[in-house]
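Peer 1: Quick one: the structure is below, and I'll ask about it shortly.
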Amino acid sequence: MRTRVLSPSRHSSPIRMVAGAIASFLMAVPFVAIFAGLSHASELSSLNVNVDQARLIRLEKHSSEVIIGNPSIADVSVQSSKVLVLTGKSAGLTNLIVLDGKGDEVLNKKIYVKADDVRQVTLSRGASRETYTCSPDCSPALMSGDNTKYFEALSKEINKKLSLAQSSAEGTTVQQ
């Protein structure tokens, strides 16, 4: 039997193989950096908050004007010229724009408001739906899409409670 020794050709030399691998790696690095940057940039350009929960927003510059795209989805209260409180009101997407005294943009972010699915129970009876928040006891929760009678009755109770709280804070009385 004859043994044949193969000598490496100039195309498959270890040096060329390593050089090719390094070149491929160097060409891939900018693409990975770009996609990683896009992912990071999208995280920086949006804020997430749950329905009925608040989140602090600390600004780098002083603010003069605060604009919320859809106030039925989220609300913002100004604590100071550099601190805002974002509160989720109903599930959905809106945006927040903050301007300084000269009208220049300080902040522009998308706001994603979602329901806290972990503690939420949805009761379905045919086409009718009711939502409850459970932690550990369950109480009715106001969610868009619930049965109209259930939603309106709960909404009326919540508004009554808010009126009582507001009048108490202002030192006035409310007729019931």
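Peer 1: Excluding residue 148 itself, what net charge comes from residues whose Cβ is under 14 Å from its Cβ, given Lys and Arg +1 and Asp and Glu -1? Mind dumping the intermediate values first?
Peer 2: On the way: positive: 125, 129, 149, 156; negative: 130, 146, 152.
Result for the neighbourhood of residue 148: +1.
Peer 1: Percent antiparallel among DSSP beta bridges with both residues in region 47-114, to the nearest 5? Don't skip to the end; give the middle numbers.
Peer 2: Numbers: 23 of 28 bridges.
Expressed as a percentage, antiparallel bridges in region 47-114 total about 80.
Peer 1: While we're looking at this one, here's another question. What is the ratio of the Cα radius of gyration of region 47-114 to 2.2 N^0.38 Å, with N the residue count, to two decimals?
Peer 2: Working: Rg = 11.1 Å, N = 68, 2.2 N^0.38 = 10.9 Å.
The reported ratio for this selection is 1.02.
Peer 1: Given R₀ = 41 Å, FRET efficiency for residue 102-residue 54 by Cβ-Cβ distance, to 0.05? Mind dumping the intermediate values first?
Peer 2: Values: r = 29 Å, r/R0 = 0.70.
Taking R0 as 41 Å, the efficiency between residue 102 and residue 54 is 0.90.
Peer 1: Provide the net charge surrounding residue 113, with neighbours chosen by a C-beta distance below 12 Å and charges set as Lys +1, Arg +1, Asp -1, Glu -1. Please list the in-between numbers first.
Peer 2: Working: positive: 55, 89, 110, 114; negative: 52, 75, 116.
Residues close to residue 113 contribute a combined charge of +1.
Peer 1: Would you work out which of 84, 122, 106 lies farthest towards the positive end of the dipole of region 80-176? Charges go on Cβ: Lys and Arg +1, Asp and Glu -1.
Peer 2: Toward the positive end, the furthest listed residue is 122.
Peer 1: Report, by chain and number, residues whose modeled amide H sits under 5 Å from the one on residue 70, excluding near sequence neighbours (fewer than 5 apart, same chain).
Peer 2: Distant-sequence amide H within range of residue 70: 95.
Peer 1: Roughly how big is region 117-170's charge dipole about its Cα centre, with Cβ charges of +1 (Lys, Arg) and -1 (Asp, Glu), in debye to the nearest 20?
Peer 2: Working: 7 positive and 7 negative charges, 27 e Å.
Dipole magnitude for region 117-170 comes out near 140 debye.
Peer 1: While we're looking at this one, here's another question. If you take the Cα atoms of region 111-169, find Rg, then find the Kirkwood Rh from the mean of 1/r over all pairs, what is Rg/Rh? Before the final figure, lay out each step's value.
Peer 2: On the way: Rg = 13.2 Å, Rh = 12.8 Å.
Dividing the radius of gyration by the Kirkwood radius yields 1.03.
Peer 1: Still on this model: Summing Lys, Arg as +1 and Asp, Glu as -1, what charge do residues with Cβ under 15 Å from the Cβ of residue 67 carry, residue 67 excluded?
Peer 2: Values: positive: 109, 110; negative: 65, 75, 100, 104, 105.
Once all neighbours under 15 Å are counted, the net charge is -3.
Peer 1: Moving on to the next point. So what J values fall out for region 135-145 if you push phi through Karplus, 6.51 cos²θ - 1.76 cosθ + 1.60 with θ = phi - 60°, rounded to Hz, Gly and Pro as x?
Peer 2: Going residue by residue, I get 6, x, 7, 9, 9, x, 10, 8, 10, 4, x Hz, with x marking Gly and Pro.
Peer 1: Roughly how compact is region 66-176, stated as its Cα Rg over 2.2 N^0.38 Å to two decimals? Don't skip to the answer; put the middle values down first.
Peer 2: Numbers: Rg = 17.5 Å, N = 111, 2.2 N^0.38 = 13.2 Å.
Expressed relative to 2.2 N^0.38 Å, the Cα Rg reads 1.33.
Peer 1: Just rank 87, 172, fewest to most, by other beta-carbon atoms within 10 angstrom. Working shown, then result.
Peer 2: On the way: 87 16, 172 8.
Lowest to highest Cβ neighbour count: 172, 87.
Peer 1: In nm, what is the difference between 0.36 nm times the number of residues separating residue 82 and residue 152 and their Cα-Cα distance?
Peer 2: Working: separation 70, 0.36 × 70 = 25.20 nm, distance 3.75 nm.
Between residue 82 and residue 152, full extension yields 21.5 nm more.
Each value in this text was obtained by applying a stated rule to the coordinates, not by laboratory testing. Please read all numbers here as calculations on a predicted model, not as lab measurements. Heads up, the Cβs are rebuilt from the backbone with ideal geometry, glycines too, and the neighbour counts pull from every protein chain shown.
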